[in-house]
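**Student:** This is the structure I want to talk about, given as structure tokens.
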Amino acid sequence: MKVLQAGHLRLATSTNTGPFFAAPGTVSSIFGYGSYESENLIPNKFAIVDLETSGLSPNNGRVLEIAIATMDLNGNVTNHFSTLINPEDGNVGRTDIHGISWLDVSDAPIFADISGNILTLFKDSIVVAHNAKFEEKFLAMEFKKAKLDFQPIPALDTLWLSQILLEL
């Protein structure tokens, strides 16, 4: 079994065209996904991110909530940020799934207002998310609406890691 070295990630170079899951070693609009290859390893901290959204696609949904925790290479939490986000269109989707109502987000900041906080936490980090492709699509849409452009950020998908480590 191959083992990833903690705190290191190979910068990806190929383009990911797959629709659903983050493919190891590929680059998309905002993330460059890690792989097993050992050249070009870069040491970093981690920024673990999770979103709640108003739908399953950024074509008809928005980010309603974001939580980010940064960790050093020893697993110590060094910072955290979470907030509800006003989707601007009044649509919160299925409240029975995520528990977020319009009343909860109506006075919350819009994504553009907190995008700088997100990028600050992602800076010099390896972004970690479960099913990162889902999170990435929504973040890419929101960053685009906020008129932000940047180089792809190194990322790891714990869905991919769990499939490898648990031999699924």
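The values are calculated or read from the model by the stated rules, or taken from the named source; none is laboratory data. Being a predicted model, the structure only gives us computed values, none of them experimental. All Cβ positions, glycine included, derive from the backbone under ideal geometry; neighbour counts span all protein chains shown. All accessible areas refer to the heavy atoms of the entire protein, side chains included, with ligands and DNA or RNA removed. Shrake-Rupley method; radii C 1.70, N 1.55, O 1.52, S 1.80 Å.
**Student:** Filter segment 54-74 for residues that are open to solvent by 20 Å² or more (accessible area, probe 1.4 Å) and touching a strand residue (DSSP E or B) at 6+ places or on another chain (Cβ under 6 Å); which is nearest to S106 (Cα to Cα)?
**Tutor:** The qualifying residue nearest to S106 (Cα to Cα) is E65.
**Student:** Could I ask something else about it? Can you confirm whether segment 56-66 contains a residue that is over 23 Å from S162 (Cα atoms), modelled with pLDDT of 95 or more, hydrophobic (A, V, I, L, M, F, W, C) and assigned to a loop (DSSP other than H, G, I, E, B)?
**Tutor:** no
**Student:** Give me the pairs: first residue in segment 65-83 and farther than 18 Å from F138 by Cα, second residue at pLDDT below 95 and small (G, A, S), beta-carbon distance under 6 Å, and six or more apart or on different chains, which are they?
**Tutor:** Partner pairs satisfying both residue conditions: L73/G7.
**Student:** Follow-up question, since we're still on this one. Give the residues of segment 94-113 that are under 21 Å from the mean Cα position of the chain (by Cα) and aliphatic (A, V, I, L, M), sorted by residue number.
**Tutor:** I97, I100, V105, A108, I110, A112 - these are the residues of segment 94-113 that are under 21 Å from the mean Cα position of the chain (by Cα) and aliphatic (A, V, I, L, M).
**Student:** Out of segment 65-79, which residues are under 22 Å from I114 (Cβ atoms) and more than 14 Å from the chain's Cα centre (by Cα)?
**Tutor:** M71, V77, T78, N79
**Student:** Here's a follow-up. Could you list, in sequence order, the residues of segment 110-143 that are more than 14 Å from V49 (Cβ to Cβ) and free of Cβ contacts under 8 Å to residues at least 24 places away in the same chain?
**Tutor:** Those that are more than 14 Å from V49 (Cβ to Cβ) and free of Cβ contacts under 8 Å to residues at least 24 places away in the same chain: D113, G116.
**Student:** (1) modelled with pLDDT under 95; (2) within 15 Å of the chain's Cα centre (by Cα); (3) over 20 Å from F46 (Cβ atoms): which one isn't true of E142, the others all being true?
**Tutor:** Going through the list (1) modelled with pLDDT under 95; (2) within 15 Å of the chain's Cα centre (by Cα); (3) over 20 Å from F46 (Cβ atoms), E142 breaks only (1).
**Student:** Might you let me know whether segment 14-24 holds any residue that is of a type in the set (A, V, I, L, M, F, W, C), modelled with pLDDT under 60, out of contact with any Asp or Glu (no Cβ under 9 Å at 6 or more places or on another chain) and open to solvent by 70 Å² or more (accessible area, probe 1.4 Å)? Before the answer, list the steps.
**Tutor:** At the first step, the residues of segment 14-24 found to be of a type in the set (A, V, I, L, M, F, W, C) are 20-23.
In the following step, the residues that additionally are modelled with pLDDT under 60 were identified as 20.
When the remaining residues are screened for being out of contact with any Asp or Glu (no Cβ under 9 Å at 6 or more places or on another chain), the result is 20.
Right, trim to open to solvent by 70 Å² or more (accessible area, probe 1.4 Å) and you get 20.
Yes.
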